[in-house]
Amino acid sequence: MEISRDDLKLEFKQHLITYLNLLDIKVEDIKDDEPLFGGDLGLDSIDSVEMIVLLDREYGIKIKNPTEGRQVLVDVNTIVDYIIANRTK
Amino acid sequence: MYIKEVCAISPQLTYGTEFESGHFELHDKGILYAIEPSYLDFIPASLLRRMGKAVRMGIGAGLPLVKKYPGIEGIIIGTANGGLEDCIRFLNQIVDYKEGVLTPTSFVQSTPNAVAGQLALMGEKTGYNSTHTNGSLAFDNAMLDAQLVLETAVKPMELLIGAVEEISDYNYNIDTLNSHYKSESITNEELIRSTTAGSLCGEGATMCVVANTADHAIAEVVDQFQVCFPGKEELTGLINNFLDKNGMSPKDIDLLLFGNSGDGRTDHWYNDLQQELFPDKQITTFKQFSGDYRTAGAFGCYVAVKLLQGNHRIYGFDHLRRPRTVLVYNQFGGERHGFILLRGNQASIA
């Protein structure tokens, strides 16, 4: 059964908290259109690598082009759209 | 070499004043996990979320000292295993993901020098930075390193030295299969009296500010000595030589602080040495507080400093006379033996 976009956002946010070990952050604290980098979450370049690992392991997506990465890893909306279009599992 | 301050995160409430006030934390689950403070009070959440337990404990014990002593120029840490949980997680990922994309955090945090490196970054220390990983003599080697650095310094100098060890589930299971730990259930209060095989597993971080001047010192590290795989008679001779080298003899030692682990297979090293060289001396132990781990000798040093400062409210120590000299002896598995000779600060005693 195909997962809805809203459920996928929820699932991705849960993965994000787990993979990045975001202490004291809940799913509802992460807004869909909030920039992941430079925003309140305080993410940095190591987190971007962790997110690439997340996308690979959970959705079978490999981001190898840095330019592409910069366009995808913007906020939850852009990442979820990319997952829907490119997931292999 | 002089000790100015000590700080420990351990299975006792050493981070506050409870341990020194006589509180004893009883552990009855066979593993002595460290009681950790609220790190978010002084470590930014963005850094804390990446830290494994060993790094967290090391920073938690070391950072307050680094902040309090801005003159600290170098950081020297001893750890047998470093961030073991992250290390094994990383190794497992290599297998699980067939050497594909790996998460960087586990790798970065698992290297033994992560503690000294992170302390240097957070304390903005760009001087000497070193980590010793010589198994159960790692802390002894860190101390020897500090001694050499301070003795060759041409000006007053302060260093942070310490030891860190964490319990990893993976390693605990391997060490259990290797008979390191007791098969029966006992508490840490009963540990030292036990004569069966194995000990109780512990963990913790101990940090000390050391200097080459006696100003505001709370104790002096007179000397330290380490030896691997000695014979019993050889060890007795080596200790005599060690004391003689420092202008002392067994009668000059006021208190022996031993690392008895309740392991009937190896505690005879302590008992025999005491009977041979120190038959009429005060003797006490420290692993009832910390459990056994490879760098527990650093926690022994912490306890020795408290005793030299005249603290006899520590649980079970009320009968001890305040010592002027303490010999800390710790060995692991009967193979590697470390001795640290400490003297109280005469000015503070007066």
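Assorted remarks:
- The residue list A:Q14, A:Q71 contains one member that is surrounded by fewer than 18 Cβ atoms within 10 Å (Cβ to Cβ) and either in contact with a His (Cβ under 7 Å, 6 or more places away or on another chain) or modelled with pLDDT of 95 or more (or both), which is A:Q14.
- Taking each residue of the stretch B:93-110 that is within 20 Å of B:V55 (Cα to Cα) and looking for partners that are among the acidic types (D, E) and surrounded by 14 or more Cβ atoms within 10 Å (Cβ to Cβ) with beta-carbon atoms closer than 6 Å, six or more apart or interchain, yields B:T103/A:E50; B:S106/B:D86; B:Q109/B:D86; B:S110/B:D86.
- Note on the stretch B:53-86: residues that are in a helix (DSSP H, G or I) and free of Cβ contacts under 8 Å to residues at least 40 places away in the same chain total 2.
- Test: residue in the stretch B:335-350 that is on the phi > 0 side of the Ramachandran plot and either at pLDDT below 95 or in the same structural domain as B:H23 (by TED's automatic domain parsing) (or both): no
- Filter pass, B:E73 being closer than 28 Å to A:L43 by Cα, acidic (D, E), out of contact with any strand residue (DSSP E or B) (no Cβ under 6 Å at 6 or more places or on another chain) and away from chain A (no Cβ under 14 Å): no
- Positions within the stretch B:267-290 being closer than 22 Å to B:D318 by Cα, touching a residue at least 12 places away in the same chain (Cβ under 8 Å) and assigned to a loop (DSSP other than H, G, I, E, B), in sequence order: B:F278, B:K281, B:F286
- Hits in the stretch A:33-60 (condition: away from chain B (no Cβ under 12 Å) and over 17 Å from A:R70 (Cα atoms)): A:Y59
- Beta carbons closer than 9 Å, at least 6 apart along the sequence or on distinct chains, pair a first residue in the stretch B:30-52 that is within 14 Å of chain A (Cβ to nearest Cβ) and more than 30 Å from B:G262 (Cβ to Cβ) with a second that is among the acidic types (D, E) and not in a helix (DSSP H, G or I) for B:L40/A:D24; B:A45/A:D24; B:S46/A:D44.
One line per residue, one yes/no per condition, for (1) acidic (D, E); (2) surrounded by 14 or more Cβ atoms within 10 Å (Cβ to Cβ); (3) assigned to a strand (DSSP E or B); (4) at pLDDT 95 or above:
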{"residue": "B:K155", "(1), (2), (3), (4)": "no, no, no, yes"}
{"residue": "B:L159", "(1), (2), (3), (4)": "no, yes, yes, yes"}
{"residue": "B:A163", "(1), (2), (3), (4)": "no, yes, yes, yes"}
{"residue": "B:D223", "(1), (2), (3), (4)": "yes, yes, yes, yes"}
{"residue": "B:N240", "(1), (2), (3), (4)": "no, yes, no, yes"}
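- Whenever a residue of the stretch B:178-199 is assigned by TED's automatic domain parsing to the domain that holds B:D28 and touching a residue at least 12 places away in the same chain (Cβ under 8 Å), its partners that are surrounded by fewer than 16 Cβ atoms within 10 Å (Cβ to Cβ) and hydroxyl-bearing (S, T, Y), lying with C-beta atoms within less than 7 angstrom and at least six residues away or across chains, give the pairs B:K182/B:T196; B:E184/B:T196; B:A197/B:S179; B:G198/B:S179; B:G198/B:S183.
- Top-ranked residue in the stretch B:83-133 [being surrounded by fewer than 17 Cβ atoms within 10 Å (Cβ to Cβ) and charged (D, E, K, R); ranked as nearest to B:E158 (Cα to Cα)]: B:E124
- Any hit, the stretch B:108-117, residues being within 14 Å of chain A (Cβ to nearest Cβ), under 19 Å from the mean Cα position of the chain (by Cα) and more than 24 Å from A:R57 (Cα to Cα): yes
The values are calculated or read from the model by the stated rules, or taken from the named source; none is laboratory data. Computed from a predicted structure; not experimentally measured. Glycine gets a Cβ as well: all are built from the backbone with ideal geometry, and neighbour counts include every protein chain shown.
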